[in-house]
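Here's the structure, in structure tokens; my notes come after.
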Amino acid sequence: MTDATMQATDAVRTNRAMMERDRASASLGLVVERDDPGHAVVSMRVRDDMTNGFRITHGGFVFALADTAFAIACNEDDRVTVAAGADISFLKPTVSGQTLTATAVRRSRRGRSGIYDVTVVDEQGDAVAEFRGRSRTTSQTF
């Protein structure tokens, strides 16, 4: 087994364990579509209880979807990596019944710090939000 294969296997094992304990993501019905070191795809069907007073998807749920994809992408090995910060820009409203998909990609990882971009799209592939997450790797292992 190559180092890259071992790293990918460790990341998937870590992320599966992390997601098994992630009650928030489970309650939102998030589905992990792809889980690779530095890359993750997560989807969510918008429910009525995820909409705001304007009957559009509450931004906090869009953020939670993007944040989960970010968390999976940045936990690339058995070291616990957490968010140091994140920003999101909302580009298009969505409504109940739509399925949103967040794709996270590593842009840079140096030492204990990383930068990851997440694009959230609707079923048509239209960008709904753009998220940039900054990660910090801790000394803890999973």
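Rule-based calculations on the coordinates, nothing more; no lab input. Not measured: the values here are computed from a predicted model. Every residue, glycine among them, receives a Cβ derived from its backbone with ideal geometry; neighbour counts consider all protein chains shown.
At a glance:
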{"quantity": "Check: the chain dipole with +1 on Lys, Arg Cβ and -1 on Asp, Glu Cβ, in debye", "calculated": "400 debye"}
{"quantity": "Around residue 92: net Lys/Arg minus Asp/Glu count, Cβ-Cβ under 14 Å", "calculated": "-4"}
{"quantity": "Neighbour-limited loop hits for trypsin sites (Lys or Arg not before Pro), segment 57-136 (at most 15 other Cβ within 10 Å; DSSP other than H, G, I, E, B)", "calculated": "112"}
{"quantity": "Value of [θ]222 nm, deg cm²/dmol, for the chain, DSSP H segments ≥ 4, -39500 (n - 2.57) each, nearest 500", "calculated": "-9000 deg cm²/dmol"}
{"quantity": "Compactness relative to 2.2 N^0.38 Å, alpha carbon Rg of the chain", "calculated": "1.04"}
{"quantity": "Mean separation of Cα contacts under 8 Å (6+ apart) over length of the chain, as relative contact order %", "calculated": "25 percent"}
